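For reference, the structure is listed below as structure tokens.
FYI, it's all coordinate maths here, none of it is from the lab. Remember, it's a predicted structure, so these values are computed and weren't measured experimentally. Here Cβ is always computed from backbone atoms with ideal geometry, including for glycine, and neighbour counts include all displayed protein chains.
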Amino acid sequence: MTDIFSPARLGELALANRVVMAPMTRDRAGPQDEPTEAMVEYYRQRAGAGLIITEGTQPSPAGKGYWRTPGIHEPVQVEGWRKVAEAVHGKGGRIVMQLMHVGRASVRANKAATAETVAPSAIPCPDPIPGPDGVPVPTEMPRALEAGEIPEVIAQYVEAARNAREAGIDGVELHCASGYLPMQFLSSNSNQRCDAYGGSAENRVRFVVETLSALARAIGPGRVGYRICPGVTFNGMADADPAETYATLLRGLDELGLAYCHLIHIPNAGFDSLDLVRANWSGPVIENCGLTLERAQVVLAEGKADAVSFGLPFIGNPDLVERFRKGVALAKADRGTFYTGHGDDARGYTDYPRMEDCK
Ligand SMILES: Cc1cc2nc3c(=O)[nH]c(=O)nc-3n(C[C@H](O)[C@H](O)[C@H](O)COP(=O)(O)O)c2cc1C
């Protein structure tokens, strides 16, 4: 029986336990989108996870859509991430960077003035997105990428992955969920292209398969994972047949030898996405979404996942794995400071106590 505290191997990534910290945007990067000392401390505190997946990190200026998200395309950002990687490795942890290109899910005021808003098709994201002051504002009409520009976007992801490795980060995860660029290609409503990247499921999955293939060639398949959430409607996603789209995608990725599939297993997809993954993908699986320790142990014991990821519980419990081991009650996270410390980056970020310091 597989236990949550037992070691695991996901491709080249050797995990001390099967508790993964899910990627979480916290909007605390510095003025050049670089990781700050507060971010170094935040990840250091959580290095007891078998694997940390960083917050969504833009591979290029155009990939940014939210306020104060970090990048991995400039030297100052690479140096900041180097400190994060060293801090996590110093505590015996492993860390993978989530590469997040938002595509059309972007607000102009949140990114560089020269950064374009691009997407598979010129169809805007219907959901507003918080601007610099946290108030949601409408997104911009995107420009549809020319077919000839797609290799450039893939090359930016590749360069970002090389930069992450140069910074000492152990691997990358391609964010293909939550209505961002890769998912905009996957979903039939946001991808109305008439070329080889649109139309049939085989064509709509092409961008993601090509990007993951390029990442695997650049840094080795065992250091590349991907995150999906079949059936999610966030950021205006409405695929006509997500079961078909994702079965096609998973089959297209299966032979690449990637490190893992990270599944956000939502209950209202209209089908069981974990069963779909298991039927079409033979590599390691990280399951996520609303898990408790008890539920996670069942999923692992049944062999349905190789590791499990936790988001919210890691915000308020930097020592989550130790609390799980000791059966200590979990602290609740303060939603008011998820994306801001209200002028103090440490607030609601690095100031959650470890259990021995709880009064
Ligand atoms: C504050 C916050 C920020 C998030 N940012 C990201 C992100 O950058 N990338 C991503 O893939 N998911 C993101 N998520 C989703 C989480 O990774 C996770 O899927 C979600 O919280 C469900 O897991 P949980 O029930 O264990 O919290 C975020 C969630 C929260 C609460």
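Per residue of the chain, the DSSP helices (runs of n ≥ 4 H) give a summed -39500 (n - 2.57) that works out to -8500 deg cm²/dmol at 222 nm.
Backbone phi angles across region 336-350, fed through the Karplus curve with coefficients 6.51, -1.76 and 1.60 (θ = phi - 60°), yield HN-Hα couplings of x, 10, 4, 10, 6, x, 6, x, 10, 4, 6, 5, x, 10, 10 Hz in residue order; Gly and Pro are listed as x.
Report the FRET efficiency, 1/(1 + (r/R0)^6), for E159 and L312, where r is their Cβ-Cβ distance and R0 is 25 Å, rounded to 0.05. Present the calculation step by step, with values, prior to reporting the outcome.
Details: r = 32 Å, r/R0 = 1.29.
Working from the Cβ atoms, E equals 0.20.
Partner lysines whose Cα lies under 27 Å from the Cα of K326, excluding those fewer than 8 positions away in the same chain, are identified as K91, K304, K359. Of the GluC sites (Glu not before Pro) in region 105-159, the ones in a loop by DSSP (not H, G, I, E or B) with at most 12 other beta carbons within 10 Å are E146. DSSP beta bridges fully contained in the chain are about 15 percent antiparallel. Think of the chain as having a plus end and a minus end, set by charges on the Cβ of Lys, Arg, Asp and Glu; of P128, P221, I52, I52 sits farthest toward the positive end of this dipole.
Just to verify a number: FRET efficiency for S282 and R325, C-beta to C-beta distance, R0 = 35 Å, to 0.05? FRET efficiency, S282 to R325: 0.65.
For the pair A301 and A112, label points projected 7 Å from Cα toward Cβ lie 5.2 nm apart. Which one, H101, H89, H342, has the greatest fluctuation when you compute a Gaussian network model over the chain with C-alpha springs under 10 angstrom? Answer for the Gaussian network model of the chain: H342. Averaging Cα coordinates gives a centre for region 71-88 and one for region 315-359; these two points are 24 Å apart.
The modelled label-to-label distance between M141 and N268, using points 7 Å beyond Cα along the C-beta direction, is 3.2 nm.
With the simple model of a label 7 Å out from the Cα in the direction of the Cβ, E166 to A243 spans 4.6 nm. Going by neighbour counts of Cβ atoms within 10 Å, the residues K304, K326 line up, fewest first, as K326, K304.
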